[in-house]
Ligand code: GLA
């Protein structure tokens, strides 16, 4: 039983394979957090609670003369603002009478097998055998505001998910000003490292790691989407934690809008971590009887370092977030025309790229931006989702049929959430975009954002996308989003509900995606937002892959994909081989290296195939064959980061091991050539120590133990950015 409740002591214990999470309803009926960490069985952890008379820490009325009881330092399971806990709160609201006070006390609880859906939101899912859920009902007896805290335990994956539902059980209106999804107090420590993933357009998810300190450190987005700039996935870990050693706690918010993840060390060196929807721009009216559901946070604990934690996230996302046909089915190797042609193409040009690609084993052609409306540059056309027959001569079906005749699937690009002023849609419905009534809105990439909270907007998008899907045999959609939100105001909502628009935008997006993905189960969706600007577990619920970055330079990609891999599986990362000099950085790298790096993702090409030489085409053929041969190992196997691309090493290495441990693919990229170089030795991971592995294509055979303990010597490399791939197969 992963979830236990001890009646006499009122202690809740949640066990995963290697972790324990414990809380207690205390003598005053507050829900206190007792412990989260390495597995401890048969132990009530309340012995860790300390009661002290601390200056300037107030005491709740029910503690009467006891000055040692204060919410200011006792570990809270869901901290509220206004009643004496001065640390970062999980809930802040304005009651009907204008007061801030909330006093949440235990009311009841429920434990059940399985996991219910989160209303309107993406969330992890599992069978009754895989997951068990606890819901604790807390209530404020004065205002009747209640909170349901929900915990689901995926025992095998060392995962506990949390979410919260706020219920207005009172008579009048309540305004929610802040609702976080999880709050965790580590009362036994204030010495973590905080790992976060910052970035910008064309350089997402760069790893940053700093020790925490007294006060708060937050990462956040107020851009209306999860953003390139920070990611809603963060880690707290031991200061000496590395890939194979140390305690790590991962937190992944299953949400694609504004977020905040705050870590705070308090006056007595305890750590609090709080994560959820950002409170900036948030003010949610709850009328009597209404409720608000906060998105889910997926927490993974590992005491064997970051590698183990990441692999659990990979399995969690692949098995319990991604859905539909392509959760399991092989994803096609694709060619996308964006970097090959940008806006300058005709159907004839596209078909000839597809033809060349099909001959090399590539399986799908994706027509990117520029096929619709009057879209010849990025100043016009967004919103007009009908085919531009000047470019796609003879119509979409003709082109798709031709591409299909080369044995290739056909995919198409949309940017549904956006509109250009120069479009029929904007001319007909200027009120459909987000803007304040009294001023002109900001443009970004010369476009406005549609008000996804509106049903009529969603209906229009649903209809237009459906018409296109019915017009031809379309098997893939790239769903792009190329600007961030400003002037967030819905002309469809009253003034006192404008603080809901950021969130309602995300709910509207999810609603539309849910409808389209359900009705088109055969279509593969790929998320995108100027590359990886909305790379989060929420989007992965609808699209099992996301374009990782608009930067296709393989050397920059080493860090981008490395950072992304901490919280997301390789099978979710769109990665393409592009032309040289690279369009983003101007760097020149060998085709082999571009292939090796792109193969560690959902593999594809993004260049004008017609411009490739016969020799290059032969290399592409070989790459596609290598990828297909190793598909299962790469996509369903285990992923090991062997080096840190931020270190001083002159090479970067990573490894895939098939689920049964019997095959492996090892990848090296030399980032700094050197004359008379030191030996490159790399210790592999995840192999079976007693089995013997052959380096494919040679008669070199070594035991797993040797490769993991003594390592593998890479032959001397020469030249700029060379890459080597080693396939290991059994030889005993
Ligand atoms: C974004 C995407 C690119 C491409 C362009 C088209 O930048 O990330 O891959 O689709 O839009 O405008």
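Which whole-number percentage describes the relative contact order of region 55-160, with Cα contacts under 8 Å and a sequence gap of 6 or more? Intermediate results must be reported in sequence, preceding the final value.
Numbers: 176 pairs, mean separation 18.1, N = 106.
Worked out over region 55-160, it gives 17 percent.
Rounded if a/c is under 1.5, else prolate if a/b is larger than b/c, else oblate: which is region 472-600, with a ≥ b ≥ c the root eigenvalues of its Cα gyration tensor? In terms of gyration-tensor shape, prolate.
Once the Cβ-Cβ distance of residue 401 and residue 618 is raised to the sixth power relative to R0 = 30 Å, the FRET efficiency obtained is 0.55. Across all Cα pairs in region 565-626, the calculated P(r) in 10 Å bins from zero up to the longest distance comes to 21, 53, 23, 3 percent per bin.
As a proxy for reagent exposure, 214, 503, 583 were ordered by neighbouring Cβ count within 10 angstrom, fewest first; the result is 214, 583, 503.
Could you list 701, 237, 225 in order of exposure, starting from the residue whose Cβ has the fewest other Cβ atoms within 10 Å?
Values: 701 15, 237 21, 225 29.
Starting with the residue having the fewest Cβ neighbours, the order is 701, 237, 225.
Ellipsoid semi-axes for region 530-685, based on the Cα gyration tensor and the rule √(5λ), read 22, 21, 17 Å when sorted largest first.
The orientation-averaged projected area of the convex hull spanned by the Cα atoms of region 236-305 comes to 7.0 nm².
When 338, 547, 371 are sorted by how many other C-beta atoms sit within 10 angstrom of their C-beta, beginning with the fewest, the order is 338, 371, 547.
Starting from the Cα-Cα distance between residue 700 and residue 455, subtract it from 0.36 nm times their residue separation and give me the gain in nm to one decimal. Mind showing how you got there, number by number?
Numbers: separation 245, 0.36 × 245 = 88.20 nm, distance 6.30 nm.
Computed gain between residue 700 and residue 455 is 81.9 nm.
Of all DSSP beta bridges in the chain, what percent run antiparallel (nearest 5)? Antiparallel: roughly 80 percent of the beta bridges in the chain. Over every Cα atom in region 611-673, the radius of gyration and the widest Cα-Cα span, Dmax, amount to 14.5, 41 Å. For region 55-98, the residues whose backbone nitrogen is under 13 Å from a point 7 Å from the Cα of residue 27, taken along Cα to Cβ, are 62-70. Net length available on complete extension from residue 112 to residue 495 is 133.8 nm, with 0.36 nm assigned per residue and the Cα-Cα distance removed.
Taking each DSSP H run with n ≥ 4 as -39500 (n - 2.57) and averaging over every residue of the chain yields -5500 deg cm²/dmol at 222 nm. Once the C-beta distance of residue 729 and residue 610 is scaled by a Förster radius of 51 Å, the resulting FRET efficiency is 0.90 to the nearest 0.05.
Averaging Cα coordinates gives a centre for region 315-337 and one for region 354-428; these two points are 23 Å apart.
Spatially, region 1-36 and region 133-159 are offset by 12 Å when compared through their Cα centroids.
Size estimate for region 223-356 follows the Kirkwood approach: the inverse of mean 1/r over distinct Cα pairs works out to 19.1 Å. Between the helical axis of 396-405 and the longest alpha-carbon principal axis of the chain there is an angle of about 70 degrees. Across region 637-687, the fraction of Cα-Cα pairs farther apart than 12 Å, rounded to a whole number, is 63%. Over the chain, the hull volume per residue, using the convex hull of the C-alpha atoms, is 161 Å³.
What percent does the relative contact order of region 136-204 come to when contacts are Cα pairs within less than 8 Å and at least six residues apart? The value is 21 percent. One Cα centroid belongs to region 167-216, the other to region 546-572; the line between them spans 24 Å.
Working from Cα positions, state the angle (0 to 90°, nearest 10) between the long axis of helix 501-519 and the longest principal axis of the chain. Taking Cα atoms only, the helix is inclined about 50 degrees. Helix 455-471 axis versus longest C-alpha principal axis of the chain: approximately 30°, rounded to the nearest ten. Enumerate the residues in region 358-391 having an amide nitrogen under 20 Å from the point lying 7 Å beyond the Cα of residue 628 toward its Cβ. Within reach of a label on residue 628: 358-366.
What Kirkwood radius, in Å to one decimal, follows from the Cα pairs of region 415-468?
Values: mean 1/r = 0.0861 Å⁻¹.
Computed over region 415-468, the radius equals 11.6 Å.
Across the alpha-carbon atoms of region 25-110, the computed radius of gyration and Dmax are 14.2, 46 angstrom. Taking Rh as the Kirkwood radius computed over C-alpha pairs, what is the Stokes-Einstein D of region 314-441 at 37 °C in a medium of viscosity 0.692 mPa s, expressed in µm² per second? D, rounded to a whole number, is 197 µm²/s.
If the chain between residue 438 and residue 86 were fully stretched, how many nm would it gain, using 0.36 nm times the residue separation less the Cα-Cα distance?
On the way: separation 352, 0.36 × 352 = 126.72 nm, distance 3.83 nm.
Between residue 438 and residue 86, full extension yields 122.9 nm more.
For region 151-219, the normalised intensity computed at q = 0.26 Å⁻¹ comes to -1.17 (log10 of I(q)/I(0), Debye sum over alpha carbons, equal scatterers, no solvent). The simple spin-label model puts a point 7 Å past each Cα toward its Cβ; for residue 379 and residue 6 those points are separated by 7.2 nm.
Can you give the relative contact order of the chain as a percent, counting alpha carbon pairs under 8 Å and 6+ residues apart? Walk me through the intermediate numbers first.
Details: 1818 pairs, mean separation 72.2, N = 732.
With pairs under 8 Å counted, the relative contact order is 10 percent.
The alpha carbons of region 389-431 stretch over 44, 21, 11 Å along the principal axes, in descending order.
For a Förster distance of 25 Å, can you work out the FRET efficiency between the beta-carbons of residue 389 and residue 518, rounded to the nearest 0.05?
Working: r = 31 Å, r/R0 = 1.23.
Working from the Cβ atoms, E equals 0.25.
A short reminder: the numbers here are calculations on the coordinates, not readings from a lab. What you see is a predicted model, and the numbers here were worked out from it, not measured in a lab. Using ideal geometry, Cβ is built from the backbone for each residue, glycine included, and neighbour counts are taken over all protein chains shown.
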